[in-house]
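Structure first, commentary second.
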Amino acid sequence: MILRVLNIVVIGALVLAAADVYRIKFNSTVQAERLAKLRGEVRRERDTIAALRAEWGQLDNPERIEALANRYLQLKPIAPTQFDALDHLPERPSQVNKAGGSDPIGGVIQASPGPDAATGSILAPAPSGAPPQ
């Protein structure tokens with residue numbers, strides 16, 4: 001009788017061990033598939049990065065930029081007379097912003113017209129009744 005119980009316990013232990021080994025094998029298979037998928041994604045991302053670097057190298061080519069500048073920008077060569085010596089610069093304003101003093105830039109901003117004011121690139125609104133320009 002004890003031998004029969006011992007055989008049943010051993011068989012039960014073997015079944016549990018086999019189930020645990022199967023679970024471990026299944027988890028390792030899932031992890032291997034996940035690893036293969038991640039490696040494929042990494043490979044695709046590296047290929048994408050390489051393609052973008054090649055495109056950046058082409059777009060950043062100085063000869064291409066120079067050709068575009070010549071085609072679309074009306075630039076003239078710099079004349080030596082465009083440079084000036086530092087001693088010809090105007091003097092610094094005598095009012096230096098001191099602690100607690102007024103803020104000169106803030107004063108300019110506050111004195112500027114509101115957001116509805118016309119700028120040089122926007123036509124002033126036509127008076128009512130007048131035809132638009």
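The values are calculated or read from the model by the stated rules, or taken from the named source; none is laboratory data. None of the values given here were measured: they were computed from a predicted structure. Here Cβ is always computed from backbone atoms with ideal geometry, including for glycine, and neighbour counts include all displayed protein chains.
Yes or no: PHE26 surrounded by 10 or more Cβ atoms within 10 Å (Cβ to Cβ), free of Cβ contacts under 8 Å to residues at least 40 places away in the same chain and either in contact with a strand residue (DSSP E or B) (Cβ under 9 Å, 6 or more places away or on another chain) or aromatic (Phe, Trp, Tyr) (or both)? Spell out how you get there, then give the answer.
Numbers: surrounded by 10 or more Cβ atoms within 10 Å (Cβ to Cβ): yes; free of Cβ contacts under 8 Å to residues at least 40 places away in the same chain: yes; either in contact with a strand residue (DSSP E or B) (Cβ under 9 Å, 6 or more places away or on another chain) or aromatic (Phe, Trp, Tyr) (or both): yes.
So PHE26 fits the description; yes.
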*asked:* Just to be sure before I move on: is GLU63 loosely packed, with under 10 Cβ neighbours inside 10 Å, at pLDDT 80 or above and acidic (Asp, Glu) in the structure I sent?
replied: yes
_Which numbered condition GLY107 misses (of (1) in a loop (DSSP other than H, G, I, E, B); (2) modelled with pLDDT under 80; (3) of a type outside the set (A, V, I, L, M))_ = (1)
*Checking ALA19 against (1) part of a helix (DSSP H, G or I); (2) under 39 Å from the mean Cα position of the chain (by Cα), which single condition isn't satisfied?*
(2)
